[in-house]
Amino acid sequence: MVKSVVVKIGGSLIFKENGDVNVDRISEYAQVLSTLKNDGMNLCVVVGGGKVARNYIKVLNMFNMPEAQSDMMGIHVSRINAILLIAALGKTAYPCPPREIPELAKALTTDKIIVMGGLQPGQSTNAVAAVVAEYTRSDMLINATSVDGVYTDDPKKDPSAQKIDELDYDEFQELIIKKGSRAGEYALFDLVALKIVLRSSIPTKIINGSDPMNILRAVKGEKIGTTIHRR
């Protein structure tokens, strides 16, 4: 039975195509997460920087700023995005995003939903979610993205790409190993995040977060998205 979950929400999911904040979707996330919490679930949420962070990073690259500086920009934006969800959750949430593991440890004593962004340069928010799942010994990591799961190729670029329902860690690594590791280029997952979920055997689900209810479905064990686990 799943009792503890870490949810990673892609930053782009909380914005509309025109760049406006998607207030309705953030509210739906808050409702779903509150429902899980009321059911006795221990919850940590990591929010990514998304397109907003990538736009800022693109400008920094034009000015030839170091990669570490681009990483810090992504971290700042992800924390701002986290605050939006904290606002929607109200008193159910810990009031500020933890910026390091000791702050996370303190937040865990409050029995609140913990929402956070990035932690340090060189580490994607996917890796942060994996670290948090490992630290909290969570039963599952859910990665809410803009696609239905893992595909044989990018479905936005290749219409013939096929969705994969289940993968072991080695198979997943083969699919992501060619992905970039520059700031803002972490796509569905990255090798650092994979290494963490592998070493602690954390079952990971990649789902479409455009419908926040998919998080509830994933926790309940419905067949949804792609499951990465040890087989």
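The values are calculated or read from the model by the stated rules, or taken from the named source; none is laboratory data. Worth saying up front: this structure is predicted, and the values here are computed from it rather than measured. Quick reminder, even Gly has a Cβ in these numbers, built from the backbone with ideal geometry, and neighbours come from all protein chains shown. Only protein heavy atoms, including side chains, enter the accessible area calculation; ligands, DNA and RNA are left aside. Shrake-Rupley method; radii C 1.70, N 1.55, O 1.52, S 1.80 Å.
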The chain accessible area per residue, 1.4 Å probe, protein heavy atoms, integer Å², reads 51 Å²
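Rounded, prolate or oblate for the range 52-109? Axes are the square roots of the Cα gyration tensor eigenvalues, ordered a ≥ b ≥ c, and the cut-off for rounded is a/c under 1.5.
Working: a/c = 6.48, a/b = 1.99, b/c = 3.26.
The shape class here is oblate.
Could you please state how large a percent of the accessible area of the range 46-194 is carbon and sulfur, counting protein chains only and using a 1.4 Å probe? List each step's numbers first, then the result.
Details: 4140 of 7720 Å².
Answer for the range 46-194 is 54 percent, counting heavy atoms of protein chains only.
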Between Thr152 and Glu171, what is the label-to-label distance in nm when each label sits 7 Å out along the Cα-to-Cβ direction?
1.3 nm
FRET E, pair Ser27, Ser4, Förster distance 35 Å, beta-carbon r, rounded to 0.05
0.90
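Once a ≥ b ≥ c are taken as the square roots of the eigenvalues of the Cα gyration tensor of the chain, is the result rounded (a/c under 1.5), prolate (a/b larger than b/c) or oblate (a/b not larger than b/c)?
On the way: a/c = 1.32, a/b = 1.05, b/c = 1.26.
Taking the square roots of the gyration eigenvalues as a ≥ b ≥ c, the chain is rounded.
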Output ordering of 215-222, 136-143 (per-residue mean of other Cβ within 10 Å, highest first) is 136-143, 215-222
